[in-house]
Structure formats: C-alpha cells, structure tokens
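Since the structure comes first, as structure tokens, the remarks are kept for the end.
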Amino acid sequence: KTFVELTSDDLKSKKVTTNCLNLGSYNYLGFADDWLATCGRDVLGALDEWPIACGSPRSEFGTTTLHTKLEKQIAAFVGKEDAVVFNMGYGTNSTTLPALVGHGDLVLSDELNHASIVNGCRASGAFIRSFAHNDASALEAALREAIALGVPRTRRPWKKILVVVEGIYSMEGEICDLKTIAAVCKRYKAYLYLDEAHSIGALGATGRGACERCGVDPADVDILMGTFTKSFGGMGGYVAASRAIVEYLRAACPGLVNQDAMSCVLCAQVARATTVISETELGAAKLQQLRDNANYFRSELIKAGLHVYGDYDSPVVPVLLYNPTKIAAFSRECLDQGLAVVVVGFPATTLVKSRARFCVSAAHTKADLEDAVRKIKVVADRIKIKYAASPFG
C-alpha cells in the first residue's frame, strides 16, 4: 500500500510518499486486494444495470430487487427469519436502538461498547446502565437489581430490558462470552442485542460470527446487528431478527425511513462477498488464513514481551502503549519502518491505556507478518514498551 504523508510544505504542493504494509484497515478477508477476481464481475454488472445511488429512503423509492435479495441472503446466512440493510454501519446502531427502546425501558450495555451503541442508547430516552466488561455475573447482578427495584421513583416494572453486547470488542480484540450472557438473558427474560460489526465474516468455522464461534443458537439472540465494512469489502450494515421486529424497523427506524438507501452497487458487492464466504472453497480458505494469520501475529507479539489484549481467533490485536506520549512515537517509528498502524488514546480509551490496534487480514502473507513482527520488535525496544518483560518497558 502507498500512503501519503503531508508535510509542513503542503501549501507548496510538496508530498512525501512511503510504501507501507497496511496493519490498520478492516480488510479482514482480503476482498480489497483480490476484488477484481472475486467480486468485480458482479459489481461492475450491477453498475451497468443500476444507478450508483437510489436517491430515496427505503420507505419510499429506495428499495430495489437487489436490496430484497441481499436481505434474504443475510437472514439465511446468520440464521434469522428476516433482515434489513442500512447504508451505514454506525447509523445502523445509532438509529435502530432508539427505535427499539424508549421511555420506561432499560438498556444494560457493556461498559466498553462502541460509540454508535452509546449514542443510540442516549438518543432513545431509555434508562441506561452499564455493566462490567464481558462479565456475565455482573450482568446477572444488574438484572436482578433492575427487576427487583423497577423504574426509579415509581418502582413500576420496566416495559422491557435490552442487553447490548458486541461479538468482538473493537478496542480490546476480545470475543464476547456470548454463551453465558445469552443464558443469563434467557433466565431473566431480557432481550439480547448483539453487535457483530467485527465478528461477522471473521469468526466461526464458516464465518457466521460470534454465535457460531461460541456455540450459541441464533434463536437465543433476539437481534443480530452487523456491518459490511470489515469482512465483506463493502459499506453499510444490517439488522437480522424475527420478521415482526424487522417489519417494525422498516416502518419506524429513522435509518430506513429518513436516510438514503444503501447503494445498489454495494448491495451487489456484499451479496457476492457473502456467496464467496458461505459457498466456495476460496471463502473457507480465506477464513482459515485469517485465523492462522491472527493467531500467529498475536502469539509472536506476546513472545516479544508486549502487553497484548484480546483472544485468539480475533483479527483485532491491540498492543498496550500506556503512556500517552508514546502514541505518536510508536506511529512515527512504525512509519519509518514501513508499517502503517492505527494508534488510539483518550477519549477512545482511558488516559493511561493508550494502545496500538493492529487489524490482521487474510491477504497478509506469512512473510508480511514475519517482517512486521521483526520491525515492531525494533520499535518496541526503541520506545520501551516491552512491559511483559520489564515494568520499565
């Protein structure tokens, strides 16, 4: 990949270009690299037949046969009765949650949920309470207390309780303890909303996400949400659920009633990518390569003495920098080594948990990752971040 580094002489139109290995983008299954061979024909064919933009919301003139075909395909892929697609992943959460809950409802949200979930919950008007990250015991305690005490002041029962979690937490690289959490929700009759933005198409033997990886029946998760920007080489998102819930969202969700429909070209891209993932040997090979790459990269960084967050099989590999002054230092040193990385600090993390977040792809070769590990070790020695080997890095 070629990245452009803007210098202080930008106004004089001077640029410096550097060839880098991309370790930061959400190209989990490598469709951005082999697009012409895997998806190009279907997408270019759709471009000949359909407009680039629909110019209308789904509720008016924005629904085409490509949208309905894709929704049936996604519903079948994730194991739900019906699905609806959105033009934006962030907007899927931030507009769906206000349609599902409101005044008199309670949302129990994992404390490390994505900003789109946080903002969607805040916009809903529901009462919001967070529980300790990925902790089913803390969730159960919160549910017991909420059911026992009811709505503050009136003590009336909640109209509904919705538990919101993620399949893979995007800043932690951690896989949801879905089996235990789903059992808790079922025991206390709470609805369960699972954000699979980073897990769909990346986790599970056939890429069907956290449910497949954790051995959970999709019927035990009331609402499955995901995005097409990570594993599908596209853009947008989906919500899959019972037909009654999906039909309600089509009529009440602002992301469908007021926003422009998902592009027909992107519908073709996601449909083809889903077919490759679920029906071809190439898709199975991509999934296996992603797991192998992610697990190799994670294990090598751990061996190098770095503090690495997350679980094996997760393509998100965060490395702790801790000191905020090391955020820019790590990024610049990696750039000098020919590595393009993402670094994250406050307010996306707590002030003293700054980190680098690597995203591994099936398109990375073993040689790519070996070279990257070697260079990261050099940078780690230079800026002193081998905290697993020494408290001084």
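The values are calculated or read from the model by the stated rules, or taken from the named source; none is laboratory data. Quantities reported herein were computed from a predicted structural model and do not represent experimental measurements. Positions of Cβ are generated from backbone atoms using ideal geometry, with glycine treated the same way; all protein chains shown enter the neighbour counts. The accessibility values were calculated without ligands, DNA or RNA, using every heavy atom of the protein model including side chains. Shrake-Rupley method; radii C 1.70, N 1.55, O 1.52, S 1.80 Å.
Couple of notes before you dig in:
- Count - residues of region 68-115 that are closer than 22 Å to D260 by Cβ, among the aliphatic types (A, V, I, L, M) and assigned to a loop (DSSP other than H, G, I, E, B): 1
- Subset tally (residues that are in a loop (DSSP other than H, G, I, E, B) and open to solvent by less than 10 Å² (accessible area, probe 1.4 Å)) for region 205-225: 3
- Qualifying residue in region 386-393 (condition: assigned to a helix (DSSP H, G or I) and either at pLDDT 95 or above or of a type in the set (F, W, Y) (or both)): no
- Members of region 299-324 that are part of a helix (DSSP H, G or I) and either open to solvent by 30 Å² or more (accessible area, probe 1.4 Å) or touching a strand residue (DSSP E or B) at 6+ places or on another chain (Cβ under 6 Å) (or both): E300, L301, I302, K303
- Only one of the numbered conditions (1) open to solvent by 20 Å² or more (accessible area, probe 1.4 Å); (2) more than 22 Å from the chain's Cα centre (by Cα) is violated by G79, and that is (2).
- Residues within region 325-352 that are surrounded by fewer than 19 Cβ atoms within 10 Å (Cβ to Cβ) and within 20 Å of S390 (Cβ to Cβ), tallied: 3
- Scanning region 117-135 for residues that are over 18 Å from I223 (Cβ atoms) and not aromatic (F, W, Y) yields a total of 8.
- All positions within region 342-365 that are more than 22 Å from S199 (Cβ to Cβ) and hydrophobic (A, V, I, L, M, F, W, C): V343, F346, L351, V352
- Members of region 24-73 that are in contact with a helix residue (DSSP H, G or I) (Cβ under 6 Å, 6 or more places away or on another chain), of a type in the set (A, V, I, L, M, F, W, C) and buried (at least 17 other Cβ atoms within 10 Å of the Cβ): L29, F31, C39, V43, A46, W50, L66, L70
- Any chance N295 is open to solvent by 10 Å² or more (accessible area, probe 1.4 Å) and at pLDDT below 95: no
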